[in-house]
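Have a look at the structure below before the remarks.
The values are calculated or read from the model by the stated rules, or taken from the named source; none is laboratory data. Owing to the predicted nature of the structure, the values given are computational and were not obtained by experimental measurement. Here the Cβ positions follow ideal geometry from the backbone for every residue, glycine too, while neighbour counts run over all protein chains shown. For accessibility, only protein heavy atoms count, side chains too; no ligands or nucleic acids. Shrake-Rupley method; radii C 1.70, N 1.55, O 1.52, S 1.80 Å.
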Amino acid sequence: MKVKMLSRNPDNYVRETKLDLQRVPRNYDPTLHPFEVPREYIRALNATKLERVFAKPFLASLDGHRDGVNCLAKHPKSLATVLSGACDGEVRIWNLTKRKCIRTIQAHEGFVRGICTRFCGTSFFTVGDDKTVKQWKMDAPGNGEEEEPLHTILGKTVYTGIDHHWKDPAFATCGQQVDIWDEQRTNPICSMTWGFDSINSVKFNPIETFLLGSCASDRNIVLYDMRQATPLKKVILDMRTNTICWNPMEAFIFTAANEDYNLYTFDMRALDTPLMVHMDHVSAVLDVDYSPTGKEFVSASFDKSIRIFPVDRSRSREVYHTKRMQHVICVKWTSDSKYIMCGSDEMNIRLWKANASEKLGVLTSREKAAKDYNQKLKEKFQYHPHIKRIARHRHLPKSIYSQIQEQRIMKEARRRKEVNRRKHSKPGSVPIVSEKKKHIVAVVK
């Protein structure tokens with residue numbers, strides 16, 4: 001005769017102390033939980049709604065400049081240190097944790113056109129309208145000492161941008177041409193030019209550090225190789241490119257901010273077609289900077305807003321704006337990938353969260369678990385119409401909203417005109433050109 005007995009191990013359900021949580025036995029058999037998906041859908045919906053409720057990205061405004069902020073630079077070793085250059089020639093160094101200016105330098109006469117830090121963080125370089133390149137110590141001078149640059153180089157023309165090599169004591173400036181300088185010399189090691197127009201910005205590749213990219217006023221984006229001291233190839237677009245930024249994780253990918261309201265992500269091995277056209281701004285895009293992860297970038301625009309784009313999407317996932325913020329001239333993503341800084345026309349530097357609804361400070365283990373669970377739920381149900389609509393909705397200023405509607409009408413009219421032209425022409429005489437190839441004029445090698 002068999003006797004069936006229930007046996008229980010007290011370790012599975014008895015608390016060790018009074019402070020412990022009660023252990024509840026759970027049976028994960030799906031037949032016992034018929035409403036699991038509807039219940040999870042409601043949780044995902046609530047998580048999406050709460051994310052929008054708690055989306056408060058603006059953190060702080062750093063004021064002190066007496067003119068528009070023209071350029072920003074990050075400290076390579078210190079997360080809390082940021083440098084900014086203004087249109088009146090003033091350079092300020094900020095401490096982000098204290099949210100205060102810790103040092104002020106009257107660096108140039110006229111605009112500060114560019115600012116960059118040395119890779120070791122001991123000094124930084126500025127260029128201005130007074131045709132000079134100046135190197136400054138990062139540490140403030142001692143008591144009684146005057147604020148003076150370590151080195152000053154007087155050039156023949158105005159320099160419009162500067163960037164430092166990621167590993168070597170060399171830097172590049174741009175103006176009438178791209179010059180490569182050694183820190184110890186007062187004359188450039190080599191000068192490179194292709195075309196006759198002024199060059200707006202120059203950027204070193206962070207991975208293949210001997211590669212440079214520059215963009216000029218004659219609508220070119222030119223790639224150079226420092227080892228050969230020659231231009232490699234250039235791509236000509238419909239309109240002028242204001243600046244470019246290299247992807248810090250993929251050596252051959254870069255994104256260009258253009259005057260035609262779009263951003264273009266290129267693979268330098270195939271410049272005839274951009275990998276992605278990023279469309280959402282309603283005015284010229286003035287600056288762009290990648291996240292350290294290389295998966296997203298932030299763009300600053302003349303339409304008084306900044307937008308965050310995933311690298312592989314044509315539409316932005318986030319838009320930031322305030323009533324007081326005017327034309328945004330420069331933008332930077334901090335090295336810990338958590339914050340975004342932007343400098344604008346009305347003399348302020350603003351600090352934003354990269355993830356609008358992220359909770360700052362230390363999270364308990366339960367908060368972390370809840371956050372991860374909610375994130376997975378949102379990913380699982382992200383294509384449900386109701387959840388998709390709530391997650392995608394953003395409030396926009398009236399000016400931007402009306403311009404988006406206007407551009408939508410214009411785009412539809414252009415499409416209709418093209419369809420009609422194709423309909424009433426000989427078959428094959430009006431080719432179908434993809435959105436990616438529309439804006440590329442030529443690639444020259």
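What the table shows:
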{"item": "Within region 74-119, strands (runs of 3 or more DSSP E) holding 1 or more residues that are of a type in the set (D, E, K, R)", "result": "90-95, 100-106, 112-117"}
{"item": "Condition met for residue 390 (open to solvent by less than 50 Å² (accessible area, probe 1.4 Å), in contact with a helix residue (DSSP H, G or I) (Cβ under 7 Å, 6 or more places away or on another chain) and either modelled with pLDDT under 95 or not small (Gly, Ala, Ser) (or both))", "result": "yes"}
{"item": "Top-ranked residue of region 163-190 - restricted to ones that are open to solvent by less than 70 Å² (accessible area, probe 1.4 Å) and among the hydrophobic types (A, V, I, L, M, F, W, C), ranked as nearest to residue 217 (Cα to Cα)", "result": "174"}
{"item": "Residue match in region 288-302 (condition: within 19 Å of residue 398 (Cα to Cα), at pLDDT 95 or above and in a loop (DSSP other than H, G, I, E, B))", "result": "yes"}
{"item": "Candidates 79, 96, 83 - the one that is in contact (Cβ under 8 Å) with a residue 12 or more places away in the chain, open to solvent by 20 Å² or more (accessible area, probe 1.4 Å) and closer than 26 Å to residue 302 by Cα", "result": "96"}
{"item": "Some residue of region 416-432 being open to solvent by less than 80 Å² (accessible area, probe 1.4 Å) and of a type in the set (Lys, Arg)", "result": "yes"}
{"item": "Of residues in region 127-168 being among the acidic types (Asp, Glu) and part of a loop (DSSP other than H, G, I, E, B), the one nearest to residue 201 (Cα to Cα)", "result": "129"}
